[in-house]
There are 2 protein chains.
Amino acid sequence: MPTYRAPVDDTLFLLNSVFGIDRYNNLPGFEDATPDMIEAILSEAGKLSEEVLAPLNQTGDQEGCTRNEDASVTTPSGFRQAYETFREGGWVGLSADPEYGGQGLPATLDAAINEFLSAANMAFSMYPGLSKGAIAALSLHGSEDQKRTYLPKLISGEWSGTMNLTEPHCGTDLGLIRTKAVPNGDGAYDITGTKIFISAGEHDLTDNIVHLVLARIEGAPEGVKGISLFVVPKHVPDADGNAGERNAVACGSIEEKMGIHGNATCVMNYDGATGWLVGEEHKGLRAMFTMMNEARLGVGIQGLAQSEVAYQNAVAYARDRLQGRALDGPKEPDKPADPIIVHPDVRRVLLTIKSFNEAARALVLWTALRGDVSHRAGDEKEREAADDAMGLLTPVVKGVLTDKGFENAVMAQQMYGGHGYIAEWGMEQFVRDARIAMIYEGANGIQALDLVGRKLPRNGGRAVMAFFQEVASFVQENAEDDALKPYTEPLQKGLDDLQKATMWFMQNAMTKPDNAGAGSTDYMHLFGLVALGYMWGQMARAAQSELAAGANGRTDYLSAKLATGRFFMERVMPETSAHLARISTGAQTMMDMPAEAF
Amino acid sequence: MPTYRAPVDDTLFLLNSVFGIDRYNNLPGFEDATPDMIEAILSEAGKLSEEVLAPLNQTGDQEGCTRNEDASVTTPSGFRQAYETFREGGWVGLSADPEYGGQGLPATLDAAINEFLSAANMAFSMYPGLSKGAIAALSLHGSEDQKRTYLPKLISGEWSGTMNLTEPHCGTDLGLIRTKAVPNGDGAYDITGTKIFISAGEHDLTDNIVHLVLARIEGAPEGVKGISLFVVPKHVPDADGNAGERNAVACGSIEEKMGIHGNATCVMNYDGATGWLVGEEHKGLRAMFTMMNEARLGVGIQGLAQSEVAYQNAVAYARDRLQGRALDGPKEPDKPADPIIVHPDVRRVLLTIKSFNEAARALVLWTALRGDVSHRAGDEKEREAADDAMGLLTPVVKGVLTDKGFENAVMAQQMYGGHGYIAEWGMEQFVRDARIAMIYEGANGIQALDLVGRKLPRNGGRAVMAFFQEVASFVQENAEDDALKPYTEPLQKGLDDLQKATMWFMQNAMTKPDNAGAGSTDYMHLFGLVALGYMWGQMARAAQSELAAGANGRTDYLSAKLATGRFFMERVMPETSAHLARISTGAQTMMDMPAEAF
């Protein structure tokens, strides 16, 4: 059975040594997040992940969810009890509004913890994960009454939430939504339609499930401008605020899917269910979008998480598995063979994953910090800059971390040879689970288009210019530090490629948007490399400072950090030039081809 | 349900227009392979694949194989009948020795057909595929008596074969094999041990199963020099040559695995089973290796096949699925949305796969042709050169076609959005099935080491020098042809990178083999790009000649061919420089890292 150990120390290094989270203690909620408190919270979350959630990951996959004849859904054995433990720990509301029972801690901590939960048990972690989405939507757009009704129960974990967007004929293009909302005369609506791919749509973990549903009010304008957001509880809250009468919404079936079998992916049938408008009429899509950044960051974290847990197990296997001999002669001559970690190709794979994971973890926390600042800073300019950065980085985090997270899970599986293909060893589950993160919450092609088509040009390129400036300043500030040159020089080269690609779009895509579309995925990954490289620059600087200051008893950790970063610069960053070359060829060859010639 | 259409026309274009198979009609077996005959055979194989095998692919995956209480194994519904049809068609023995009932046709045709079979139903196609391996082993190394006993039954498909190499503690490192062979006094041996991951180890398709088993004769030298090859039939042939007494070998269990559920992957227990030595004592590994090229080519074909079938379905979906609008304005304004094939990013993905598939098909046929020449040419020099080329290209075909084949299946799945993750649509099965091809028959890291550590230096680099010379000559011969420059110039650039990488190994890996190991996988893929690029050069030249000669009524096909090749050169070939950059950084960073620091 695979194992998992939460990277608490690495997370603390990032929060304390690299990003200096204590510098933010003027923000609401951050004053409570003292170094000791952060360490205690992360350690506790790590323990929960390792001891409660990880042991249910493989069994949850094998058992899956069952839809019963009465349309109820049973989650895998142990999930109910684990959820109780989770709920009692107050984990759902860690960063939620204290006014409704949340702890108001930085969402950055939530992001850190989400990695642990998702690595330990992705399918399980999605149940409370979806609740957080519902909390965010209602917090931002719900009426006072809606907040009082739903937020305390969602934040305590007594109830859970879902997001209902997709229909059989529309996923990406929500303008095609057909689910209908008809005013029922008392201020509410009758909701009718079918939603598919609804994660955690029905289950047995909570008394009530709060569905947030996109639908079209009768007579609404066509397309995305006629979509509204509704809250449709499985049980209508009674006068005391408890789960009351059963609403006309039910799980029609559970999808048979490639992975995340422990999470019920439901077809949800709304048959005149009572729903209440959230926010304004016809502005449902905008309401959805305001919470999209957090949700997409969460999916990016899933990519990192599967990469991390797959990596940990691959390392353990590579140290244990005896097979063949080192290329330059036996390393353990008294054993029948050397462990496979002696082989450079095995180390190449492991370091490719490790150097990604550590930078991706940094990028997640850095982006989440921007999110916290954007919501909590007193200064408007500061909020704006942080919001710019978060908006810009979100599609990168979602797209790159899930694409690479999946690739890494595949590479980690490969370390096991034939055993990697066998269910018993657990590696193939990481691959199957990781796969969905590239698809949902906006398929990665959509992330790339969001980056190139919306985030780049927004406000005259303000966000991207600020990002380039920040990276360039970092390189300049450290240009004279010889020890940092193995990091800053490749980073500068990567930044050059990214700026050239950006310039190419400015010159070639304004009049021909297909030139942007044709390069969008390459651009997203090029951007990701530079962002990850920037994280490595910061980590290397922090590690060198700490080593210079006496290393605090962790010379090995800091040396490994520096070596891992060097590997990233040598072996991963060179890809930027291939991305630039591809982008610069433009769209013509692919667009000239008639559709029937494919 | 996914569909499949065998690429018969594209295969004929390669055999006739690109490689001019008629030029080989002085070789035994080729004289029968007239253009009409080839077309008839390929069409028939295509029909079989499309109509008999493809419809059983998804049901076979869902149903899987069952081990019964008596240790017998039941294959999925329909497999028995399909196998009967397959056997009656004489497909097992298409290229086998006519002396034992084969048709003696070029193995190149076998390779072409294997793509169709494997694309239609990879799990099914492995049953006869394993028989071909057993036929090859016995043809090359069996005694006359063994050949007479087993070959006719294997070639007719009445019996099937398996290869038994792996044990729980050894896969790559066969020197660790423990399965024991004890002479039983009458010239045979008692074989005892456990073999794992035995594809088609037990099933209900044939009367008898002929296991080829690696084992260690009591008292044999340690390591790979003490391994012998045995034939161990499930039923010992009786005096009439029919399946007689049951031998002491049985399926202990079927592995639960990620994919190819329709093929029984067995743990095989040998409990003093009677076996006969094949070839010489202690030279079993050499016997295995002589048939490895064909087997690895076959696995490379599986990578191409899954890529092709996934591609075909992704194209169909991209033409049908209405979602969003083209970036430069609606293409089908009367419909609620445009088909997603209007999007450059969708086309980029589809052309990435298509441009790989067509070149990979060419590379498979080109390599198989070299194989045929190496076995059948009258001239020794010609045989030697062909054997060099086949040996060199085999790890490239196996490693690159399966790595990329899997990646392509993942990209094709991505085109379906959420539906790609749902079993019903069939795309996730292609991904799960394709995954094994990167692992078995020598994991791809081993292919890369085989290429760099054995195939490159062999005979003073004779094979690789000849390959470079061949590609360089092609470029030179066509250097003045402006219409070919979009193909020859990037090919030359790729060849330059490959030659630089080869030179780097010569300068840096002789004394430090880790420098070769650290770059081996990148080198394999760099080699693959140049080989595929060379195929594109040849295809482009053939397509342009045919267009110039009047196009023979297929201007669209030839134009699409040229555009697809141009895409490959613009978007895929630039990767060679990133591979070279990575290779040139060497092994030091990764080897300096202590094993415990990972």
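The values are calculated or read from the model by the stated rules, or taken from the named source; none is laboratory data. Keep in mind that what you see is a predicted model, and the values were worked out from it rather than measured. Glycine gets a Cβ as well: all are built from the backbone with ideal geometry, and neighbour counts include every protein chain shown.
Some points to look at:
- Taken over region B:31-46, the criterion of being surrounded by fewer than 14 Cβ atoms within 10 Å (Cβ to Cβ) and part of a helix (DSSP H, G or I) is satisfied by B:P35, B:D36, B:M37, B:A40.
- Condition met for A:L322 (of a type outside the set (K, R) and more than 22 Å from the chain's Cα centre (by Cα)): yes
- Residue within region A:325-345 that is closer than 30 Å to A:A215 by Cβ, touching a residue at least 12 places away in the same chain (Cβ under 8 Å) and crowded, with 21+ Cβ neighbours inside 10 Å present: no
- Answer from A:G93, A:G175, A:G104 - the residue that is within 29 Å of A:T74 (Cα to Cα) and touching a residue at least 40 places away in the same chain (Cβ under 8 Å): A:G93
- Among the residues making up region B:372-414, a single one is over 24 Å from B:T521 (Cα atoms), crowded, with 24+ Cβ neighbours inside 10 Å and under 19 Å from the mean Cα position of the chain (by Cα): B:D372.
- For A:E280, the conditions (1) over 30 Å from B:A443 (Cα atoms); (2) surrounded by 17 or more Cβ atoms within 10 Å (Cβ to Cβ) are fulfilled apart from (2).
- Scanning region A:566-598 for residues that are buried (at least 23 other Cβ atoms within 10 Å of the Cβ) and more than 7 Å from chain B (Cβ to nearest Cβ) yields A:F568, A:M569, A:V572, A:M573, A:T576, A:H579, A:I583.
- Checked against (1) out of contact with any Ser or Thr (no Cβ under 9 Å at 6 or more places or on another chain); (2) within 26 Å of A:M539 (Cβ to Cβ); (3) of a type in the set (A, V, I, L, M, F, W, C); (4) surrounded by 13 or more Cβ atoms within 10 Å (Cβ to Cβ), A:A6 passes all but a single condition, namely (1).
- Conditions (1) within 14 Å of chain B (Cβ to nearest Cβ); (2) polar (S, T, N, Q); (3) more than 17 Å from A:V400 (Cα to Cα); number of the one not met by A:N444: (3)
- For region A:304-359, residues that are over 18 Å from A:R571 (Cα atoms), among the acidic types (D, E) and touching a Gly at 6+ places or on another chain (Cβ under 7 Å) total 1.
- Verdict on A:V231 being in contact with a strand residue (DSSP E or B) (Cβ under 7 Å, 6 or more places away or on another chain), in contact (Cβ under 8 Å) with a residue 60 or more places away in the chain and within 21 Å of A:G171 (Cα to Cα): yes
- Scanning region B:111-152 for residues that are among the charged types (D, E, K, R) and surrounded by fewer than 24 Cβ atoms within 10 Å (Cβ to Cβ) gives B:E144, B:D145, B:K147, B:R148.
- Any hit, region B:163-172, residues being farther than 16 Å from B:V213 by Cα and polar (S, T, N, Q): no
- Residues satisfying the stated conditions in region B:417-439, i.e. surrounded by 24 or more Cβ atoms within 10 Å (Cβ to Cβ) and either more than 8 Å from chain A (Cβ to nearest Cβ) or closer than 25 Å to B:S374 by Cα (or both): B:M427, B:Q429, B:F430, B:D433, B:A434, B:A437
- Failed criterion for B:A479 (all others in (1) under 18 Å from B:M539 (Cβ atoms); (2) in a helix (DSSP H, G or I) hold): (2)
- Of the strands (runs of 3 or more DSSP E) lying entirely inside region B:152-225, those containing at least 3 residues that are closer than 18 Å to B:A295 by Cα are B:159-164, B:189-199, B:208-217.
- Unique match (being modelled with pLDDT of 95 or more and either within 21 Å of the chain's Cα centre (by Cα) or surrounded by 17 or more Cβ atoms within 10 Å (Cβ to Cβ) (or both)) among A:N459, A:N444: A:N444
- A single entry from A:K455, A:K500, A:K485, A:K512 fulfils the requirement of being in contact (Cβ under 8 Å) with a residue 60 or more places away in the chain and either farther than 20 Å from A:L393 by Cα or among the acidic types (D, E) (or both): A:K512.
- Members of region B:321-380 that are within 14 Å of chain A (Cβ to nearest Cβ) and either of a type in the set (S, T, N, Q) or within 30 Å of B:D110 (Cβ to Cβ) (or both): B:Q323, B:L350, B:L351, B:T352, B:I353, B:K354, B:S355, B:F356, B:N357, B:E358
- One residue from A:I439, A:I446 being assigned to a loop (DSSP other than H, G, I, E, B) and among the β-branched types (V, I, T): A:I439
- Qualifying residue in region A:522-535 (condition: among the β-branched types (V, I, T), within 14 Å of chain B (Cβ to nearest Cβ), closer than 30 Å to B:V349 by Cβ and surrounded by 19 or more Cβ atoms within 10 Å (Cβ to Cβ)): no
- Which listed residue, of A:A181, A:A112, A:A107, A:A137, is more than 15 Å from the chain's Cα centre (by Cα) and not assigned by TED's automatic domain parsing to the domain that holds A:A248: A:A137
- Meets criteria (surrounded by fewer than 23 Cβ atoms within 10 Å (Cβ to Cβ), within 13 Å of chain B (Cβ to nearest Cβ) and β-branched (V, I, T)) for A:V315: yes
Residues checked against (1) more than 14 Å from chain B (Cβ to nearest Cβ); (2) among the aromatic types (F, W, Y); (3) within 17 Å of the chain's Cα centre (by Cα); (4) on the phi < 0 side of the Ramachandran plot:
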site	(1), (2), (3), (4)
A:R246	yes, no, no, yes
A:H261	no, no, no, yes
A:A264	no, no, no, yes
A:N269	yes, no, no, yes
A:G275	yes, no, no, yes
A:G279	yes, no, no, no
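- Residue match in region A:463-486 (condition: within 13 Å of another protein chain (Cβ to nearest Cβ), of a type outside the set (D, E) and out of contact with any Cys (no Cβ under 9 Å at 6 or more places or on another chain)): yes
- Any hit, region A:154-162, residues being at pLDDT below 95 and touching a helix residue (DSSP H, G or I) at 6+ places or on another chain (Cβ under 8 Å): no
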